[in-house]
Amino acid sequence: MASSSEEGRQGALKGDLTMERLSVTEYFTRRESLDPMELVYGVVREPPAPRYGHQSLVTHLGALLHVYVRGLDLGEVCVSPVDVVLDEAAALVVQPDVIFIAKDRLSIVRERVFGPPDLVVEVLSAGTATRDRTVKLEWYRRYGVRECWLVDHWRRSVEVVNLPAGEHRVFDGDSPLESAVLPGWTIQARQVFD
């Protein structure tokens, strides 16, 4: 028979928002999983796994970024799932699709990432686009992420958001994808989708 604390945790895993809230420490004592999962102000959120096209795009963009970043020794790139602790006290842990952390900030990487990455990439899907463009974008701005890319595979465009400045620029087709966080990044927007 499970204890009431265990029942509360199991309920939170199923998305029942009325159940017991977890601290970041409690969240990290759970079994390791490749399932998408976030801790949102103490409540575990487990959306369904992304579709193949989404993950294929994440893999492709992650590989492009990895080659560029490693070639210039700029820092590290990682693809989901990886836990990013934006606010330990408020129990806010997210799993962006792709992250980049600059070399001079790699101290935020331990077994997880404790602090804002320099760049966060969210590949939009039907079930997450609104949340990614509103709630998560605001969290990224509030907690110090420098830049967020919103990748829209339907429109084959990449919206680059300079979070401190609040500037949004959309790149598509042959236009060169420009980034304040990755100077010299020169690929055409369409290459993200090829």
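So what's the angle, to the nearest 10 degrees on a 0 to 90 scale, between helix 4-13 and the longest Cα principal axis of the chain? Between helix and principal axis, roughly 20 degrees.
Computed over neighbours whose Cβ is under 13 Å from that of Pro183, the net charge equals -2, Lys and Arg +1, Asp and Glu -1.
If you take the beta carbon distance between Ser56 and Glu178 as r and set R0 to 25 Å, what does 1/(1 + (r/R0)^6) give as a FRET efficiency, to the nearest 0.05? With R0 = 25 Å, the Cβ-Cβ based efficiency is 0.55. Rounded, prolate or oblate: pick one for region 112-194, where a ≥ b ≥ c are the square roots of the eigenvalues of its C-alpha gyration tensor, a/c under 1.5 means rounded, and failing that, prolate if a/b is larger than b/c, else oblate. It is oblate, given that a/c is not under 1.5 and a/b is not larger than b/c.
Taking the charge dipole of region 48-99 about its Cα centre, with +1 at Lys and Arg Cβ atoms and -1 at Asp and Glu Cβ atoms, the residue from His60, Leu86, Val98 reaching farthest to the positive side is His60. Against the longest alpha carbon principal axis of the chain, how many degrees, from 0 to 90 and to the nearest 10, is the axis of helix 52-71 turned? So the helix axis and the longest Cα principal axis differ by about 60 degrees.
What are the chymotrypsin sites (Phe, Trp or Tyr not before Pro) within region 50-148 that DSSP puts in a loop, where the Cβ has at most 16 other Cβ atoms within 10 Å? Spell out each step's value before the answer.
Values: sites: Tyr52, Tyr68, Phe100, Phe114, Trp139, Tyr140, Tyr143; in loops: Tyr143.
Listed in order of number, the matching sites amount to none.
Just checking the listed ones, Gly42, Gly71, Gly173: in the Gaussian network model of the chain with Cα springs under 10 Å, the one fluctuating most is Gly71.
Computed about the Cα centre, the dipole magnitude for the chain is approximately 120 debye when only Lys and Arg (+1) and Asp and Glu (-1) carry charge, each at its Cβ. Taking Cβ atoms as reference points and 12 Å as the exclusive limit, the residues near Ala126 contribute a net charge of 0, counting Lys and Arg as +1 and Asp and Glu as -1.
With a/c under 1.5 counting as rounded, go ahead and sort region 41-114 into rounded, prolate or oblate using the C-alpha gyration tensor (a ≥ b ≥ c being the square roots of the eigenvalues; past the cut-off, prolate if a/b is larger than b/c, else oblate).
Oblate is the answer for region 41-114, as a/c is 1.5 or above yet b/c matches or exceeds a/b.
Computed over protein heavy atoms with a 1.4 angstrom probe, the accessible surface ordering of Lys136, Lys103, largest first, is Lys103, Lys136.
Net charge in the neighbourhood of Asp172 (other residues with Cβ under 15 Å of its Cβ; Lys, Arg +1, Asp, Glu -1) is -1.
The values are calculated or read from the model by the stated rules, or taken from the named source; none is laboratory data. In this text, all values refer to a predicted model and were calculated from it rather than measured experimentally. Counting neighbours? That spans all protein chains shown, and the Cβs are built from the backbone with ideal geometry, glycine included. Side chains included, ligands, DNA and RNA excluded: accessible areas come from the protein's heavy atoms. Shrake-Rupley method; radii C 1.70, N 1.55, O 1.52, S 1.80 Å.
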